[in-house]
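The values are calculated or read from the model by the stated rules, or taken from the named source; none is laboratory data. Small disclaimer: the values here were computed from a predicted structure and weren't measured. Don't worry about glycine lacking a Cβ; one is built from the backbone with ideal geometry, like all the others, and counts go over all protein chains shown. We work out accessible area using only protein heavy atoms, side chains counted, and drop any ligands, DNA or RNA first. Shrake-Rupley method; radii C 1.70, N 1.55, O 1.52, S 1.80 Å.
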Amino acid sequence: MEIAGHAIAVCDWSLNGGSIDNTVRCVRTLVLEHVHLALSPLVGDDGLPRHEEIAKWKASGLHFTAGMIAFAREDYTSIEAIRR
C-alpha cells in the first residue's frame, strides 16, 4: 500500500501477533508489505542471533524498511515514559 508514492509500513511489535506467523498474517490482513522490525527479539540474552526466526522473516516475502532496538532501562510504554 502506498500513500502519495510512499510505502506504508507497520511496526511488528504494535500488532501483538504473538509469533512471527501470526504477525505476518496480521500484516497481510492490513494489505501491507512493509514492516518496521523489532530487532531485539532476534538476538538472545547470549547475544547469538536466532536463525530459525530470521529464516521465517526472510521467507515471509515482506519488505523490512526499518529496524528498532531497545537498550537496558529504556521504557517505551507511553509518550511520557519516552520523554523521561
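Within the range 19-39, what residues put their amide N at less than 19 Å from the label point 7 Å along the Cα-to-Cβ vector of ARG50?
Residues 19-27, 35-39 fall inside that zone.
At 1.4 Å probe size, with every protein chain present, just tell me what the per residue accessible area of the chain comes to in Å².
Per-residue value: 74 Å².
What is the dipole size for the chain, taken about its Cα centre, with +1 at each Lys and Arg Cβ and -1 at each Asp and Glu Cβ, in debye to the nearest 20?
So the dipole magnitude of the chain works out to roughly 100 debye.
For the chain, which whole percent of the accessible surface, found with a 1.4 angstrom probe, sits on carbon and sulfur atoms?
Whole-percent figure for carbon plus sulfur exposure: 57.
Taking the full set of protein chains and a 1.4 angstrom probe, give the accessible area of GLU2 in square angstrom, rounded to the nearest 10.
120 Å²
How much length is gained on full extension from GLU2 to ASN22, taking 0.36 nm per residue of separation minus their Cα-Cα distance?
Taking GLU2 through ASN22 to full extension adds about 4.9 nm, to one decimal.
Here are several values of Rg/Rh (Cα atoms, Kirkwood Rh): [x] 0.93; [y] 1.00; [z] 0.96. Which one was derived from the coordinates shown?
[y]
Determine ³J(HN,Hα), in whole Hz, for all residues of the range 68-84 in sequence, where each value follows from phi through the Karplus function 6.51 cos²θ - 1.76 cosθ + 1.60 and θ = phi - 60°; x replaces Gly and Pro.
Listing the rounded values in order: 10, 10, 10, 10, 3, 6, 7, 10, 10, 6, 7, 4, 4, 4, 5, 4, 5 Hz.
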